[in-house]
Amino acid sequence: MGGRFLLRCLMGGLSLAVLGGCASADVDRADPAPSWGRDVGDAETSCIVTEAYPELPLYDVNARLPVKDVDAAYTQAELRLSRGTGKCDPSSASPVWRECEAISGSPEASVETVLWRDGEDMARELFARGAESLLTEDMTGRTSKGNAFRYRLTAVGYDGSDAAAKSPVFEIVKKCQPSKETLLGLDRFVLRKGGEPFLVAYQDGSRVLLIETRTGDSPSDRLPDTKSGLLPAKAVDMLGEWWRTQARKLL
């Protein structure tokens with residue numbers, strides 16, 4: 001059998017590398033077990049290769065978000081991939097959630113999903129259609145009141161701006177008739193639930209950046225700060241600015 005995608009999961013002040021799983025430092029709560037772990041082939045012949053973890057300090061970002069009572073507890077999963085030397089079989093990832101709507105579900109579903117699709121299937125499609133690198137960070141933050149907030153940051157690198165403009169990310173998002181907004185000189189495609197953005201996608205040179213926020217099924221998995229339970233718009237803008245800086249360094 002070949003290699004497998006390997007995620008690094010970080011909990012509070014702990015960190016460990018796991019294969020398709022993630023434990024929690026919070027004994028009172030079951031946390032997601034990422035399973036981006038189907039076979040991807042040997043490194044020399046695979047379309048996709050797992051790279052070293054960047055270990056980005058998202059927990060520091062949480063503390064600066066305009067969210068009430070942010071706690072130090074968190075669960076973070078990260079994955080970094082690059083184009084291998086093997087052939088990429090053409091593929092198209094099918095939705096596993098209702099497209100164009102904010103995802104509301106279990107932690108397991110949240111950590112597995114990108115653009116309403118299985119995360120690994122989406123990665124395969126991106127690389128089959130020209131991506132050179134991919135970095136994704138999934139975060140579950142918590143408040144001292146017992147509420148949770150979730151977001152995923154994804155960056156896809158291409159060999160130039162023309163290739164990035166043709167990314168499947170934009171094809172998928174544009175089907176949802178997003179609003180077009182400008183922030184820091186960059187045009188962004190934005191989907192909202194109420195006043196809060198739950199998806200932001202935009203191009204930054206040869207990179208495509210994606211921000212997705214989610215809620216859980218139970219009231220404790222929703223923030224009381226907003227009617228939707230999602231992160232407030234100012235928090236999403238802060239995440240976008242921070243993520244752009246990290247992507248420029250790493251991709």
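The values are calculated or read from the model by the stated rules, or taken from the named source; none is laboratory data. Everything quoted here is computed from the prediction, not taken from an experiment. Note that we place each Cβ from the backbone using ideal geometry, even for glycine, and neighbour counts take in every protein chain shown. Calculation scope for accessible area: heavy atoms of the full protein, side chains included, ligands and nucleic acids excluded. Shrake-Rupley method; radii C 1.70, N 1.55, O 1.52, S 1.80 Å.
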Those residues of region 104-118 which are surrounded by fewer than 20 Cβ atoms within 10 Å (Cβ to Cβ) and assigned to a loop (DSSP other than H, G, I, E, B) amount to Gly105, Ser106
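Which of the strands (runs of 3 or more DSSP E) contained wholly in region 128-224 include at least 1 residues that are of a type in the set (S, T, N, Q)?
On the way: elements: 133-143, 148-157, 179-183, 186-193, 196-204, 207-214.
Of the strands (runs of 3 or more DSSP E) lying wholly inside region 128-224, those with at least 1 residues that are of a type in the set (S, T, N, Q) span 133-143, 148-157, 179-183, 196-204, 207-214.
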Worksheet item: Quick check: anything in region 215-227 touching a residue at least 40 places away in the same chain (Cβ under 8 Å), touching a strand residue (DSSP E or B) at 6+ places or on another chain (Cβ under 8 Å), closer than 30 Å to Val49 by Cβ and open to solvent by less than 10 Å² (accessible area, probe 1.4 Å)?
Response: no
Of the candidates Asp71, Asp121, Asp138, the one satisfying the condition of being surrounded by fewer than 21 Cβ atoms within 10 Å (Cβ to Cβ), at pLDDT 90 or above, of a type outside the set (S, T, N, Q) and in contact with a strand residue (DSSP E or B) (Cβ under 6 Å, 6 or more places away or on another chain) is Asp71
Just one listed residue, out of Ser91, Ser35, is closer than 26 Å to Leu191 by Cα and modelled with pLDDT under 90, and it is Ser91
A careful count of residues in region 78-90 that are open to solvent by 10 Å² or more (accessible area, probe 1.4 Å), part of a strand (DSSP E or B) and over 13 Å from Leu126 (Cα atoms) gives 1
Out of (1) without any contact (Cβ under 8 Å) to a residue 60 or more places away in the chain; (2) open to solvent by less than 10 Å² (accessible area, probe 1.4 Å); (3) not charged (D, E, K, R), the one Ala247 does not meet is (1)
